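The numbers here are math on the coordinates, done by the rules we state, and not lab data. None of these values were measured; they are calculated from a predicted model. Note that each Cβ is placed from the backbone with ideal geometry, even for glycine, and that neighbours are counted across all protein chains shown.
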Amino acid sequence: MSAVPRSEKPAGRFRRMLDRLSSSQEDLESEELREDAETAGCTRICDCHDRQIVTVTGTLRTVTLRPRAGVPALEAELFDGSAALDVVWLGRRSIVGIEPGRKLIASGRISMSRGRRVLFNPKYELRPLGRE
């Protein structure tokens, strides 16, 4: 027998349902992204440290072309619900499939630049569009 009375178990489900109904859309999306990272076996971005080799997953929030030292560089912000990470492809003006709202898995060595986590020229895998 469990130590928790049966009458308290539905209250837990009810509380979770109320929490979901009272949460903002951004909070719900962040929670979903955190769960995706966990099920994919990836490191949460907030747990990544300088010079650590990681595999992260998330959704691209922004994609911009920003030259670095005269060389084209495609930059994207990857968000996994816990923190953001800049992903930079040096020497690229565009990459097919790299667009805002796209989910991907990226692997490489984290570096810190101006207090932000950056992943240069990562190995990456685009996730399917729509619901998986």
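Odds and ends about this structure:
- Using Cβ point charges alone (K and R +1, D and E -1), the dipole size of the stretch 38-132 about the Cα centre works out to roughly 280 debye.
- In this structure, the amide hydrogen of Ala83, modeled 1.01 Å from its nitrogen in the peptide plane, lies closer than 5 angstrom to those of Ile45, Cys46, counting only residues at least 5 positions away or on a different chain.
- Values of log10 I(q)/I(0) for the stretch 70-132 across q = 0.16, 0.21, 0.29 Å⁻¹ run -0.53, -0.90, -1.49, by the Debye formula with one identical scatterer at each alpha carbon and no solvent.
- A simple rule links phi to the HN-Hα coupling: the Karplus curve 6.51 cos²θ - 1.76 cosθ + 1.60 with θ = phi - 60°, which for the stretch 70-77 gives x, 9, x, 8, 8, 10, 9, 9 Hz, with x for Gly and Pro.
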